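Coordinate-derived values only; no laboratory data. This is a predicted model, so every value here is computed, not measured. Please note: Cβ atoms are built from the backbone with ideal geometry, for glycine as well, and neighbour counts cover all protein chains shown.
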Amino acid sequence: MLRTRSAAFLERMRIGSIVFRSNRRFAIPSTGTNVEIPVTIFSKDTELPDGGTGRRFYTDDRRANLTVQSVANPENDSPATFLAKQQPPAGIMYQRVTSSFFVVSSVRNDRIWYNRCNRSEGYMNCVMINYPAAEKRQWDDVVTRISHTLTN
């Protein structure tokens, strides 16, 4: 048991150290959105499927993805109002809402989805991350670090 815990800890540390060593800043100039992408984890990217403003990044095996997107907020709604208008799915397991951002997260189809959006003038600037629920511990630090680098 001790050896298994040690191996899991070392794996978390390995993934976390990758985040610090190999980042690329991704920006959406038209909205001022910036976020650091760990390119050794999210090595592939593509346009958003809906043609929105932003980009989607994938792991090599596509088991996880990261979307960086600016969503129009023409009424300059507060994060709480914006979130309510988006009608998030029932069963949210984690939610934090402040005057400047919101975070929601849950599990669907054995995958964790995480969404953080920062309020800016006329936009909500967001990172959305999806990854296997079975890998939660390995992803916790990665998700936190990406989320904390999101700026307007």
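Quick look at the numbers
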{"quantity": "Förster radius 25 Å - calculated FRET efficiency between residue 34 and residue 90 (Cβ-Cβ, nearest 0.05)", "calculated": "0.20"}
{"quantity": "Most mobile listed residue (80, 27, 90) in the chain, GNM with C-alpha springs under 10 Å", "calculated": "90"}
{"quantity": "Inter-label distance for residue 110 and residue 53, nm, one decimal - labels placed 7 Å from Cα along Cα-to-Cβ", "calculated": "3.8"}
{"quantity": "Contact order normalised by residue count of the chain, Cα under 8 Å, 6+ apart, percent", "calculated": "23"}
{"quantity": "Rounded, prolate or oblate (a/c below 1.5 giving rounded, otherwise prolate when a/b exceeds b/c) for the chain by Cα gyration tensor", "calculated": "prolate"}
